[in-house]
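Visitor: Below is the structure I would like to discuss, written out as structure tokens.
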Amino acid sequence: MFGQDESRPAEGSKPPTVGESSIGFAELAPKPRQRTLEQWAQELTSDRFRIRQAAKEALIQGGYEAVPALRQILDEGELDSTEAVVGILAKIAENEPPWKQDGAIATLEQIAGTGFGTKATIAKSVLKSFSEIRDLQARQELAKVGVFVGEETVALGARSRAQQVIRIDDGWSGDAKLLAWIRWLKGTPYVIVQGDAVRADVFESVIRLPEDMTLILIEGQLSLEAIDVLKKRDRIDAIEIRYIPLNQSLLSQLPSLGVRQALHLMGTGTKNDQLEQLRVAMPGVAVTTRSGGFLGVICRSLDQDYCEVDEVIPGSGAHQAGILAGDIVIRIDDTKISRFDDLQRQINTHVPGDEIKIQIRRFQQVISTTAVLKKLETQ
């Protein structure tokens, strides 16, 4: 008689399931190959549409980790994949924080800066569209941390006018990393930095403003380290420094900044001989100094032969002295005033807290008053 077939289950028992078997079908079935991001990047040139789409999705999901692989594809010069790579970088960049300096945005900027080839043209187009979206986002994010972005009256070199500004002052939260949003702002050429914000890590973001810049520093302490950061920017249209003491070491570094038009010093303690040294070291730059007193009148008609007040700053010495718009200033102390420049020269010799005598003509009446000069605030 034949013996029992050992390959058959014993009578009354059930065949083992795949999960119960020591070697089941799941173990025997081939597993899908796991591609690396580098391998997915290579598939961007596949002749199969579905493979190319899967590669794009995998690389977008890879985020920052996919950037090196995408850079490698670009370096290999495969023009067929250029548009796809730039598109993937743009998608990754959508969620990239502005303080990241080696990610998708930096790669796009690097490509755009290579010249006028196909890659550069595509990258420039993507960045232009991307920057318009980020400008609005930057304004919202900066507002959340107490940075003002908008229009206000700005005094620069004894002239005042409404300007689009970025103002970082005591209302700012103090988180310097979030100031990286400044790099995406458009149409804001004036930057006002005040008090404790006058420091190097703040300037690291300020110097990345994409357009021409005028910088106004108010109070606080200016360090050599902070000046070194400002040196990284090739061009600054003008700088005004107010009520920040400047020693010889700091003054000697100012000519190294990329100032193109004007350097205004107000209430910095700069002496006449130091001022002349700056003028010699900065040819073509208008270098001015003022003692720091501020009357608080605005005269917009600078070419007329009389000094008519167009506006009085609320809370200023002029306002408290009773000066009104339309008044004509005819004398300060013993000096006759014929033009607004005359008034400025007289005020510039005084420091905050000085009391001056003022004569004005109001209609046909001559009125004498006194005013206590104050500091120029952010107006």
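The values are calculated or read from the model by the stated rules, or taken from the named source; none is laboratory data. Just so we're clear, the structure is a prediction, and the values are computed from it rather than from any experiment. Ideal geometry is used to build each Cβ from the backbone, glycine not excepted, and the neighbour counts take in all protein chains shown. For accessibility, only protein heavy atoms count, side chains too; no ligands or nucleic acids. Shrake-Rupley method; radii C 1.70, N 1.55, O 1.52, S 1.80 Å.
Visitor: Just going by the charge dipole of segment 219-293, with Lys and Arg at +1 and Asp and Glu at -1 on Cβ, which of Leu224, Met266, Ala281 is farthest out on the positive end?
Guide: Of the candidates, Ala281 comes out farthest on the positive side.
Visitor: Using a basic spin-label model with each label point 7 Å from the Cα along Cα→Cβ, how many nm lie between Val351 and Ile133?
Guide: 5.5 nm
Visitor: Tell me which DSSP H helices of the chain clear both cut-offs, 27 Å or more of axial length from alpha-carbon atoms and a mean Kyte-Doolittle hydropathy of at least -0.5.
Guide: Details: long enough: 118-144 (39 Å, -0.42).
Within the chain the helices that satisfy the rule are 118-144.
Visitor: Would you mind checking the pairs Lys91/Lys231; Lys91/Lys144; Lys100/Lys124 and listing those with alpha carbons more than 27 angstrom apart?
Guide: Details: Lys91/Lys231 34 Å; Lys91/Lys144 25 Å; Lys100/Lys124 19 Å.
Long pairs (Cα-Cα over 27 Å): Lys91/Lys231.
Visitor: Counting only protein heavy atoms, what percent of the accessible surface of the chain is carbon or sulfur at a 1.4 Å probe? Walk me through the numbers before you get to the answer.
Guide: On the way: 10040 of 20680 Å².
Whole-percent figure for carbon plus sulfur exposure: 49.
Visitor: Rounded to the nearest 20 debye, what is the charge dipole size of the chain about its Cα centre when +1 sits on each Lys and Arg Cβ and -1 on each Asp and Glu Cβ?
Guide: Numbers: 45 positive and 53 negative charges, 141 e Å.
Roughly 680 debye, rounded to the nearest 20.
Visitor: Shifting gears a bit: Per the helix-only calculation at 222 nm, which mean residue ellipticity applies to the chain, given -39500 (n - 2.57) for every DSSP H run of n ≥ 4 and division by its residues, nearest 500 deg cm²/dmol? Write out the running numbers ahead of the final one.
Guide: Working: 13 runs with 126 residues, N = 379.
Mean residue ellipticity at 222 nm (helix-derived): -9500 deg cm²/dmol.
Visitor: Which whole-number value in Å² is the accessible area per residue of segment 188-325, probe 1.4 Å? Before the final figure, lay out the partial values.
Guide: Values: 5750 Å² over 138 residues.
So segment 188-325 comes to 42 Å² accessible per residue, rounded to a whole number.
Visitor: For the pair Thr36 and Thr118, how long in nm is the line joining their label points, each one 7 Å along Cα→Cβ?
Guide: Here the modelled spin labels are 2.7 nm apart.
Visitor: What's the extension gain from Thr335 to Phe363 if we count 0.36 nm per residue and subtract their Cα-Cα distance? List each step's numbers first, then the result.
Guide: Values: separation 28, 0.36 × 28 = 10.08 nm, distance 2.11 nm.
8.0 nm is the gain from fully extending Thr335 to Phe363.
Visitor: For Ala54 and Lys91, what does the FRET efficiency come to when R0 = 22 Å and r is the distance between their Cβ atoms, rounded to the nearest 0.05?
Guide: On the way: r = 15 Å, r/R0 = 0.68.
It comes to 0.90.
Visitor: Can you tell me how much longer the chain between Ser252 and Glu225 gets when fully stretched, taken as 0.36 nm per residue apart minus their C-alpha distance, in nm with one decimal? Before the final figure, lay out each step's value.
Guide: Values: separation 27, 0.36 × 27 = 9.72 nm, distance 1.36 nm.
Between Ser252 and Glu225, full extension yields 8.4 nm more.
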